[in-house]
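Asks: One structure is given below, represented as structure tokens, and several questions about it will come after.
The values are calculated or read from the model by the stated rules, or taken from the named source; none is laboratory data. Keep in mind it's a predicted model, so treat the numbers as computed, not measured. Methodologically, a virtual Cβ is constructed for each residue, glycine included, from the backbone with ideal geometry; neighbour enumeration extends over all protein chains shown. Surface accessibility is based on the protein's heavy atoms, side chains included, excluding ligands, DNA and RNA. Shrake-Rupley method; radii C 1.70, N 1.55, O 1.52, S 1.80 Å.
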Amino acid sequence: MVTAYLMLAASIAFEMVSASMTTATKGWTVLKPTVITVFGYFMSYFLFGLCLSDIDLSVGYATWGAVGTVVTPIVGYLIYKEKITKIGIVALVMIIVFTITLNLWG
């Protein structure tokens with residue numbers, strides 16, 4: 001089970017890098033970020049598929065999606081200088097709480 005969660009974590013990390021690099025591709029016209037993005041998404045889905053042998057789809061996908069949803073605005077704020085509102089922060093905290101709840105008791 002620990003290995004499955006490590007694969008899920010790696011899948012999420014690849015997805016986060018890919019999502020963050022998508023803006024840098026400038027509409028898929030800049031080669032290096034485009035290659036990184038495509039490779040990252042491939043690895044993300046590959047590892048996600050592997051982790052599902054030991055993690056239920058509902059828990060795995062909810063975790064994968066929630067972490068991506070929470071981290072993406074943080075990356076946008078830090079790297080791309082996008083704004084995060086107070087209500088947005090509250091919503092992100094709620095996503096974290098509900099994802100932890102699902103993982104522990106779902």
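Asks: Would you pick out the residues in the stretch 64-89 that are of a type in the set (A, V, I, L, M) and open to solvent by 80 Å² or more (accessible area, probe 1.4 Å)? Before the answer, list the steps.
Replies: If we filter the stretch 64-89 for residues that are of a type in the set (A, V, I, L, M), which is where we start, we get 66-67, 70-71, 74-75, 78-79, 84, 87, 89.
Those that are of a type in the set (A, V, I, L, M) and open to solvent by 80 Å² or more (accessible area, probe 1.4 Å): Leu78, Ile79, Ile87, Ile89.
Asks: Filtering the stretch 41-62 down to residues that are part of a helix (DSSP H, G or I) and not hydrophobic (A, V, I, L, M, F, W, C), which residue is surrounded by the fewest Cβ atoms within 10 Å (Cβ to Cβ)?
Replies: First, pick out the residues of the stretch 41-62 that are part of a helix (DSSP H, G or I): 41-51, 57-62.
Now restrict to residues that are not hydrophobic (A, V, I, L, M, F, W, C): 41, 44-45, 49, 58, 60-61.
Values: Tyr41: 17, Ser44: 22, Tyr45: 13, Gly49: 12, Ser58: 10, Gly60: 21, Tyr61: 14.
Result: Ser58.
Asks: With respect to Ile87, is the statement that it is of a type in the set (A, V, I, L, M) and within 16 Å of the chain's Cα centre (by Cα) true? If you could, list the steps in order and put the result at the bottom.
Replies: On the way: of a type in the set (A, V, I, L, M): yes; within 16 Å of the chain's Cα centre (by Cα): no.
The answer is no for Ile87.
Asks: Now a separate question. Out of (1) open to solvent by less than 60 Å² (accessible area, probe 1.4 Å); (2) under 18 Å from Ala4 (Cβ atoms), the odd one out for Ile100 is which?
Replies: (1)
Asks: Could you grab me the full set of residues in the stretch 63-105 that are in a helix (DSSP H, G or I) and basic (Lys, Arg)?
Replies: If the condition is that a residue be in a helix (DSSP H, G or I) and basic (Lys, Arg), then Lys86 is the only one that fits.
Asks: Report yes if some residue within the stretch 22-40 is modelled with pLDDT under 95, part of a helix (DSSP H, G or I), under 19 Å from Val70 (Cα atoms) and out of contact with any Leu (no Cβ under 6 Å at 6 or more places or on another chain); otherwise report no.
Replies: Checking the stretch 22-40: at least one residue is modelled with pLDDT under 95, part of a helix (DSSP H, G or I), under 19 Å from Val70 (Cα atoms) and out of contact with any Leu (no Cβ under 6 Å at 6 or more places or on another chain).
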